[in-house]
Amino acid sequence: MELKLENGAYLCRGKTPETVSGAEEIAQRVVMRLTAHRGGFAPLPEYGSRLYLLSRLARPGTYQTTAMQLIAEALEGETAVSVTDVQVTELRENDLRIDITFTVDGQLFQTGITV
């Protein structure tokens, strides 16, 4: 069981922090991994993703394929997670929105990341 996060802040019901467990806990962990910069946490250098580098690593025509590879790299070891869809939208030069649909133990989740 973990504390529930929303938009980077812990959620509280009154003064009591909310918690998540099961598939929702794993989904929260997935979002944290995908938004954290890989190598940005010294004790766990393999934690996080390189999605923030997508516009430098790929050409516009290959954004989706490269994003899927970077997501797979970040989620290696998360055996209960299956990514079902990735859509990359160019917002403006070098700013991208990555919409990710994934399942955890059959339950559907979606997240969007701007890089």
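The values are calculated or read from the model by the stated rules, or taken from the named source; none is laboratory data. Owing to the predicted nature of the structure, the values given are computational and were not obtained by experimental measurement. A quick note on method: Cβ atoms are made from the backbone with ideal geometry, for glycine too, and the neighbour counts reach across all protein chains shown. Surface accessibility is based on the protein's heavy atoms, side chains included, excluding ligands, DNA and RNA. Shrake-Rupley method; radii C 1.70, N 1.55, O 1.52, S 1.80 Å.
Taking every protein chain into account, the accessible area of the chain amounts to 63 square angstrom per residue (probe 1.4 Å). Per atom type, the stretch 34-90 shows carbon and sulfur on 51% of its accessible surface, probed at 1.4 Å.
The HN-Hα couplings worked out from phi for the stretch 58-66 by the Karplus form 6.51 cos²θ - 1.76 cosθ + 1.60 (θ = phi - 60°) are 9, 8, x, x, 10, 4, 5, 5, 5 Hz, whole numbers, x standing for Gly and Pro. Taking amide H atoms as placed 1.01 Å from N in the peptide plane, the amide H of K4 lies under 5 Å from those of L11, E18, T19, V20, each 5 or more residues away in sequence or on another chain. Evaluating 6.51 cos²θ - 1.76 cosθ + 1.60 at θ = phi - 60° for every residue in the stretch 42-55, the Karplus couplings come out as 3, x, 10, x, 8, 6, x, 10, 9, 4, 5, 9, 3, 5 Hz, glycine and proline recorded as x.
Axis angle, to the nearest 10 degrees, between helix 22-35 and the longest C-alpha principal axis of the chain: 40 degrees. Extending 7 Å from Cα along the Cβ direction at L91 and again at R56 yields two label points whose distance is 1.8 nm.
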